[in-house]
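The values are calculated or read from the model by the stated rules, or taken from the named source; none is laboratory data. Values in this document were obtained by computation on a predicted structure and should not be read as measured data. Using ideal geometry, Cβ is built from the backbone for each residue, glycine included, and neighbour counts are taken over all protein chains shown. Protein only, heavy atoms only, side chains kept; ligands, DNA and RNA dropped before computing areas. Shrake-Rupley method; radii C 1.70, N 1.55, O 1.52, S 1.80 Å.
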Amino acid sequence: MTAPAGTARSTGARGFGVDIGGSGVKGAPVHLDTGDLAGERVRLPTPRPSTPEQVGEVVAEIVGTAGWTGRLGVTIPAVVTRGVTRTAANIDPAWVDADAEALLRRATGCEVTVVNDADAAGYAEARFGAARGHPGVVLVTTLGTGIGTALVHDGRLVPNTELGHIEIDGVDAEHRASEAARERDGLAWEKWAKRLQRYYRTLEKLFWPDLIVVGGGVSKKADKFLPLLDLRTPIVPAALRNEAGIVGAALLAAGEGTGARN
Ligand code: BGC
């Protein structure tokens, strides 16, 4: 049995992860062999508007404050293919079709790998968190402003799954089942759980995962809604919480997870 993140002592290389969110941009160095942060976490507010140039300056400031000059992994709430952001959820539309990696490389002077936010968080959960060492198909969902998903099979990530946008009863799933939808509609846990039930049942019918992990800020309150779900798949809360994006970004930038670049 391997030790959980936080208890193993690192002996190896470090990476650096930056997590770009709707309200904050956070970055920290990461021990790649344990998933622990290797130094202080720096957080700055997400600029308004959150255009690529403005966000680039904030990322550069974080990296500069930390004194980091090596390779960077950066998460973004968008589909990312070959370093180009293809969509933009809760971030300025100017990111659509932006060459995010080239832009952030120019801004920071570092080599940069840009990845989808849920892919980073999900990969970190698979590697060091709630799905650590779990064989087979692991589906990680992040419940927040939207729903992000990461699909990991035997330690390899299938990037950009975007299963928050599966259409159920003619409606984009995240519009009804995200944490933002719960707040917007003032739903009691039981009511929200009914929507989650429908969502997760649909996912398990289509993907037959061996384990589902639930992340996002609301996973801190998992005891309020996970016991209300009736699924054939085991479903557990995320373990790394706030730091999953940073850790996953650093791991994916170091070439883990996908084998080849997406
Ligand atoms: C976006 C995903 C993102 C998720 C969580 C969704 O609306 O389409 O790319 O991972 O929100 O931020």
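The table below gives the values:
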item	result
Subset of segment 55-65 (residues that are buried (at least 19 other Cβ atoms within 10 Å of the Cβ) and either in the same structural domain as Ile147 (by TED's automatic domain parsing) or away from the ligand (no atom under 16 Å from the Cβ) (or both))	Gly56, Val58, Val59, Ile62, Val63
Conditions (1) of a type outside the set (A, V, I, L, M); (2) loosely packed, with under 14 Cβ neighbours inside 10 Å; (3) outside any helix (DSSP H, G or I); (4) in contact (Cβ under 8 Å) with a residue 12 or more places away in the chain: number failed by Arg48	(4)
Members of segment 66-83 that are farther than 19 Å from Val247 by Cβ and either of a type in the set (Val, Ile, Thr) or within 15 Å of the ligand (Cβ to nearest atom) (or both)	Thr69, Ala78, Val79, Thr81
Hits in segment 191-205 - residues which are touching a residue at least 40 places away in the same chain (Cβ under 8 Å) and open to solvent by 10 Å² or more (accessible area, probe 1.4 Å)	none
Verdict on Thr108 being hydroxyl-bearing (Ser, Thr, Tyr), open to solvent by 10 Å² or more (accessible area, probe 1.4 Å) and either outside the structural domain of Ser178 (by TED's automatic domain parsing) or away from the ligand (no atom under 16 Å from the Cβ) (or both)	yes
Subset of segment 155-178 that is charged (D, E, K, R) and more than 22 Å from Ala131 (Cβ to Cβ) - its residue that is farthest from the ligand (Cβ to nearest atom)	Asp169
